[in-house]
Amino acid sequence: DQQVKQNSPSLSVQEGRISILNCDYTNSMFDYFLWYKKYPAEGPTFLISISSIKDKNEDGRFTVFLNKSAKHLSLHIVPSQPGDSAVYFCAASGDWAGTALIFGKGTTLSVSS
Amino acid sequence: DTAVSQTPKYLVTQMGNDKSIKCEQNLGHDTMYWYKQDSKKFLKIMFSYNNKELIINETVPNRFSPKSPDKAHLNLHINSLELGDSAVYFCASSQSRGISSYNEQFFGPGTRLTVL
């Protein structure tokens, strides 16, 4: 039973436009939500995170929005660049040492120039 | 100056063999993890260690045995390898921060295990 779902396997966007990646979760006990970016043959790289007490966190071109009542979060990338082309994983976790990240299945973002 | 390193990067072996994957982090973190990414691309937790103590042990066959000789290392030993063990295995580390663990985990490059 998937606790973290990324329902769009892929997304294609033109350079300079906004990319919006979505993620839904089912477990209301999750306290932190993270986005990771992954290139082929590499490990996931941390991108941005948000605590459940916030509804928005911004870091440069990347903004994550959290809607707790809907159990939904999204990652906005503005403006999108070709180097952003990668697989993006949404992850959620509890709030204690050693807790696992529960990952979604990933969304492959392709940014064309 | 790699933060989380794994060796080997690729591992091809026969069914029934025993193999080990090593992981080291130089970030000074106190928590380390093993994740498995299967053929469907799901990343799933296998184990986590906090200060060398086993915290998480998911439903993993006991052919898999993690060992943490110190906080900077978490190795994974697999006995009697099976075809279904073929996957990419990722090591990760994080630093717990007192009451509230931020849980930003840093991943190694992965070890692609192929069992023939």
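Is one or more of the residues making up the range A:42-54 at pLDDT below 95, within 28 Å of B:Tyr89 (Cα to Cα), surrounded by fewer than 15 Cβ atoms within 10 Å (Cβ to Cβ) and out of contact with any Leu (no Cβ under 9 Å at 6 or more places or on another chain)? Yes, the range A:42-54 contains a residue that is at pLDDT below 95, within 28 Å of B:Tyr89 (Cα to Cα), surrounded by fewer than 15 Cβ atoms within 10 Å (Cβ to Cβ) and out of contact with any Leu (no Cβ under 9 Å at 6 or more places or on another chain).
I'd like the full set of residues that are assigned to a loop (DSSP other than H, G, I, E, B) and away from chain B (no Cβ under 11 Å), limited to the range A:14-51. Hits for the range A:14-51 are A:Glu15, A:Gly16, A:Arg17, A:Ile18, A:Thr26, A:Asn27, A:Ser28, A:Met29.
So that you can scan it fast, the table gives a plain yes or no per residue for (1) outside any strand (DSSP E or B); (2) without any contact (Cβ under 8 Å) to a residue 40 or more places away in the chain:
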position: B:Ser39; (1), (2): yes, no
position: B:Leu54; (1), (2): no, yes
position: B:Lys67; (1), (2): no, yes
position: B:His77; (1), (2): no, no
position: B:Val88; (1), (2): no, no
position: B:Ser93; (1), (2): no, no
position: B:Asn103; (1), (2): yes, yes
position: B:Pro109; (1), (2): yes, no
position: B:Leu113; (1), (2): no, no
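Test A:Val111 against the stated conditions and say whether it is assigned to a strand (DSSP E or B) and within 14 Å of chain B (Cβ to nearest Cβ). No: the conditions fail for A:Val111. For the range B:1-28, the candidate set comprises residues that are farther than 16 Å from B:Leu113 by Cβ and surrounded by 20 or more Cβ atoms within 10 Å (Cβ to Cβ); within that set, the residue that is farthest from the other protein chains (Cβ to nearest Cβ) is B:Gln25.
Hey, does the range B:69-80 have a residue that's of a type in the set (Gly, Ala, Ser) and either farther than 22 Å from B:Thr2 by Cα or facing another protein chain (nearest Cβ under 8 Å) (or both)?
Yes, because at least one residue in the range B:69-80 is of a type in the set (Gly, Ala, Ser) and either farther than 22 Å from B:Thr2 by Cα or facing another protein chain (nearest Cβ under 8 Å) (or both).
Looking only at residues in the range B:49-71 that are hydroxyl-bearing (Ser, Thr, Tyr) and modelled with pLDDT under 90, the one that is surrounded by the fewest Cβ atoms within 10 Å (Cβ to Cβ) is B:Thr59. Would the range A:66-89 turn up any residue that is surrounded by fewer than 14 Cβ atoms within 10 Å (Cβ to Cβ), at positive phi, more than 13 Å from every other protein chain (Cβ to nearest Cβ) and not aliphatic (A, V, I, L, M)? The answer is no, given that none of the residues of the range A:66-89 is surrounded by fewer than 14 Cβ atoms within 10 Å (Cβ to Cβ), at positive phi, more than 13 Å from every other protein chain (Cβ to nearest Cβ) and not aliphatic (A, V, I, L, M).
Residues that are away from every other protein chain (no Cβ under 13 Å), assigned to a strand (DSSP E or B) and more than 22 Å from B:Tyr49 (Cα to Cα) occur at least once in the range A:53-61.
The values are calculated or read from the model by the stated rules, or taken from the named source; none is laboratory data. Every value quoted in this text rests on a predicted model; they were computed, and no experiment measured them. Quick reminder, even Gly has a Cβ in these numbers, built from the backbone with ideal geometry, and neighbours come from all protein chains shown.
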